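Below is one structure, written out as structure tokens, with a few remarks after it.
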Amino acid sequence: VFVNDAFSASHRNHASIVGPSKFLPSLAGPNLLEEIKNINSFINNPKRPSLAIIGGSKISTKIKLLYNLIELSDKIIIGGAMANTFLFAQKIDIGKSLVEKDLSLVALSILEKAKNSNCEIILPVDVLCAKSIQDISNVNNCDVNLIPSSMMALDVGTETIELIKQNILNSKMILWNGPLGAFEYSPFDESSIQISNIIKKNAKKLKISTLAGGGDTVSAIKLSKAEEGFDYISNAGGAFLEWLEGKGSPGVNA
């Protein structure tokens, strides 16, 4: 008998994932079933209003996710370096910040689709800026319209954290994927730590359903010691995203 208990690898069409089921009686293990049950609860039974918090460095890895979440969420908060591409697409000068200039039209189409679907997309209103990720002696909290040309945005700022907090407190379901800054480097971990703790402090009290996934997101939550604030923390990264994109999974299908 073949038992697949690795949801986190099941998005790969590999011999070890899909091969044995062609020759052996095959079953899904309890961890794999638990992952699907919890992610599907967000997709199939969303509580309103629902909020998705999406961070990370690149839009390119999350285009399909964002398009799909527009259909599932009332609001989407976008942070991390991927927010820079949305700001750049709207003609905001982002200095030396990491950006995918070639995806400006994609960013604008995501904003347009959200508008047409009554899904509010919330972008940073201020950011933590420095000349480089190592230069922590000169870190400024800047309005997004006033980012110095010699600096880069490395985390969302204090006003944006407060904006995110208010949206968290007014939601009934939260999905979080991707840290909102370069959280591996202090002080650019501040927003991810604060948001983890806001969810930890309020989710149970306000009966907010909470789901998080993705390796960096899980690391940020563990760094904040905020695991108890989440109903479910997925062990999967790419598989978590692809399931939310509505792709299904070769391993699960097998």
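The values are calculated or read from the model by the stated rules, or taken from the named source; none is laboratory data. No experiment lies behind these values; they were computed from the predicted model shown. Please note: Cβ atoms are built from the backbone with ideal geometry, for glycine as well, and neighbour counts cover all protein chains shown. The area values use the complete protein model at the heavy-atom level, side chains included, leaving out ligands, DNA and RNA. Shrake-Rupley method; radii C 1.70, N 1.55, O 1.52, S 1.80 Å.
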- Item | Extreme residue, farthest from Asp189 (Cα to Cα), among residues of the stretch 56-86 that are open to solvent by 10 Å² or more (accessible area, probe 1.4 Å) and touching a strand residue (DSSP E or B) at 6+ places or on another chain (Cβ under 6 Å) | Asp74
- Item | Odd one out for Val252, checked against (1) out of contact with any His (no Cβ under 6 Å at 6 or more places or on another chain); (2) in a helix (DSSP H, G or I); (3) open to solvent by less than 30 Å² (accessible area, probe 1.4 Å); (4) in contact (Cβ under 8 Å) with a residue 24 or more places away in the chain | (3)
- Sort out which residues of the stretch 216-226 are open to solvent by 50 Å² or more (accessible area, probe 1.4 Å) and under 16 Å from the mean Cα position of the chain (by Cα), and write them in order of number. Asp216, Ser219, Lys222
- Message: So, in the stretch 52-79, how many residues would count as being more than 14 Å from Leu111 (Cα to Cα), modelled with pLDDT of 95 or more and in a loop (DSSP other than H, G, I, E, B)?
- Response: 2
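Residues checked against (1) touching a helix residue (DSSP H, G or I) at 6+ places or on another chain (Cβ under 8 Å); (2) assigned to a loop (DSSP other than H, G, I, E, B); (3) of a type in the set (Val, Ile, Thr):
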site	(1), (2), (3)
Asp155	yes, no, no
Trp176	yes, no, no
Leu180	yes, yes, no
Tyr185	no, yes, no
Ser191	yes, no, no
Gln194	yes, no, no
Thr210	yes, no, yes
Lys222	no, no, no
Phe240	yes, no, no
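Rundown of residues vs (1) open to solvent by 50 Å² or more (accessible area, probe 1.4 Å); (2) not in a helix (DSSP H, G or I); (3) not hydroxyl-bearing (Ser, Thr, Tyr), yes/no style:
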position: Ser8; (1), (2), (3): yes, no, no
position: His11; (1), (2), (3): no, yes, yes
position: Leu24; (1), (2), (3): yes, yes, yes
position: Glu34; (1), (2), (3): yes, no, yes
position: Asn38; (1), (2), (3): no, no, yes
position: Ile43; (1), (2), (3): no, no, yes
position: Lys47; (1), (2), (3): yes, yes, yes
- When the stretch 157-197 is checked residue by residue, the ones that are of a type in the set (S, T, N, Q) and buried (at least 21 other Cβ atoms within 10 Å of the Cβ) are Thr160, Ser171, Asn177, Ser191, Ser192, Ser196
- Test each condition in (1) over 17 Å from the mean Cα position of the chain (by Cα); (2) at pLDDT 95 or above for Ala83 and report the one that comes out false. (1)
